[in-house]
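The structure appears right after this line, and notes come after that.
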Amino acid sequence: MRASLECGQVFGWRKQGDGYAGVLNARKVFVRQRGSWLEFEGVSAKKLVHYFSLSPEDSLERVYSEILVDDYVRQAVNEFKGLRILRQEPWECIVSFLCSQNSNIPRIEKMLYGMRKSFGAPLEDGFYSFPTPAQLCKATEKQLKQIGLGYRAKYVKEFAEHVARRPAYLKELEKLSYEKAREQLMKHSGIGPKVADCACLYCLKKLEAFPIDAWIKKVLEKKYGRKGGYAALSAFARKRFGRFAGYAQQYLYAFARANPHSLT
DNA sequence: AGCCAGGTTGCGG
DNA sequence: CCGCAACATGGC
């Protein structure tokens, strides 16, 4: 659970005692792992299983059997065994990765918390729901900048307005193929190949998506001898790791960050 | 102080 | 098609 919640795919969870606290379905949720069991409050078992990809159809063994094609991934999976790709709520997830660009994780968390606090609804213990598209539409660009979004403020506002006008938009995206969903996403200002791939992988459940950030780029260069633009690198990775390439990406990212020396 | 951060855009070549 | 600066800001 630690691996899944602290690997940079989601930004809203906080360590609390021996577990994690976050917000799901506009309610404060607490989760704690006891061996192979999960104890939880504030959320249904069904929702939790879905969110953490715990059902038999989401078996990690099946994923591992396809992505373990070389020693470097094997090493990464070994160190982060159990890490799962979550099924985040698309609206919040896409806004999160709009904010992630050219920034760092502590700061991204700060931006998202700021938006929750200023425009979401207060819950218990200083937690806030993530603002709905309508709620975030009320934010001015200036207010968003004050929260620390910088030039991303405009992107977030435009996206909020788009989704508020078309409530079914995100549901429609989920139904599309990886390629089509990605193409649609990239029509939005502020969403390029990387953010679109993050959205596809982390909330639209397109497990072949392989987001390439600065770390993964280094991995592909140093460990796989690959250079080139985004499209070429992405094609290489998806061909190499197959339909669960996104999982390979997630393990490689976690491993590279934890072991930067492995890239020298 | 200066570089980097889970990048994208708009430009010139 | 590619390379490159600008973008706002905070972490380190």
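Of note:
- A search for C-beta distances below 9 Å between a residue of region A:61-73 that is without any contact (Cβ under 8 Å) to a residue 60 or more places away in the chain and any residue that is small (Gly, Ala, Ser), counting only pairs 6+ apart in sequence or on different chains, returns A:LEU68/A:ALA248.
- Of the residues making up region A:118-149, those that are within 16 Å of DNA strand C (Cβ to nearest atom) and without any contact (Cβ under 8 Å) to a residue 40 or more places away in the chain are A:SER118, A:ALA139, A:THR140, A:GLU141, A:LYS142, A:GLN143, A:LEU144, A:LYS145, A:GLN146, A:ILE147.
- Extreme residue, farthest from A:ILE105 (Cα to Cα), among residues of region A:159-170 that are part of a helix (DSSP H, G or I) and without any contact (Cβ under 8 Å) to a residue 24 or more places away in the chain: A:ARG165
- Test set (1) more than 14 Å from DNA strand B (Cβ to nearest atom); (2) among the small types (Gly, Ala, Ser); (3) outside the structural domain of A:ARG116 (by TED's automatic domain parsing) - A:ALA164 fails condition number: (3)
- Filter result for A:ALA231 (of a type in the set (Gly, Ala, Ser), assigned to a helix (DSSP H, G or I) and surrounded by 23 or more Cβ atoms within 10 Å (Cβ to Cβ)): no
- Odd one out for A:GLY242 among (1) within 14 Å of DNA strand B (Cβ to nearest atom); (2) more than 18 Å from the chain's Cα centre (by Cα): (1)
- Region A:93-110, subset buried (at least 23 other Cβ atoms within 10 Å of the Cβ) and out of contact with any His (no Cβ under 9 Å at 6 or more places or on another chain), residue nearest to A:GLY192 (Cα to Cα): A:PHE97
- Yes/no for A:LEU185 being within 30 Å of A:SER234 (Cα to Cα), assigned by TED's automatic domain parsing to the domain that holds A:ASN102 and of a type outside the set (Gly, Ala, Ser): yes
- Exactly one residue out of A:ILE94, A:ILE108 is under 29 Å from A:LYS145 (Cα atoms), away from DNA strand C (no atom under 16 Å from the Cβ) and at pLDDT 95 or above: that is A:ILE94.
- Output for region A:67-88, where each listed residue is surrounded by 15 or more Cβ atoms within 10 Å (Cβ to Cβ) and more than 16 Å from DNA strand B (Cβ to nearest atom): A:LEU68, A:GLN75
- A:LYS47 vs. criteria within 26 Å of A:LEU123 (Cα to Cα), assigned to a strand (DSSP E or B) and either basic (Lys, Arg) or more than 16 Å from DNA strand C (Cβ to nearest atom) (or both): no
- Flag if A:LYS180 is surrounded by 17 or more Cβ atoms within 10 Å (Cβ to Cβ), free of Cβ contacts under 8 Å to residues at least 24 places away in the same chain, at negative phi and not in a loop (DSSP other than H, G, I, E, B): no
- Residues that are more than 20 Å from the chain's Cα centre (by Cα), under 17 Å from A:ILE67 (Cβ atoms) and in a helix (DSSP H, G or I), drawn from region A:214-228: A:LEU220
The values are calculated or read from the model by the stated rules, or taken from the named source; none is laboratory data. Source: prediction; values computed, not measured. All Cβ positions, even for glycine, are placed from backbone atoms using ideal geometry, and neighbour counts span all protein chains on display.
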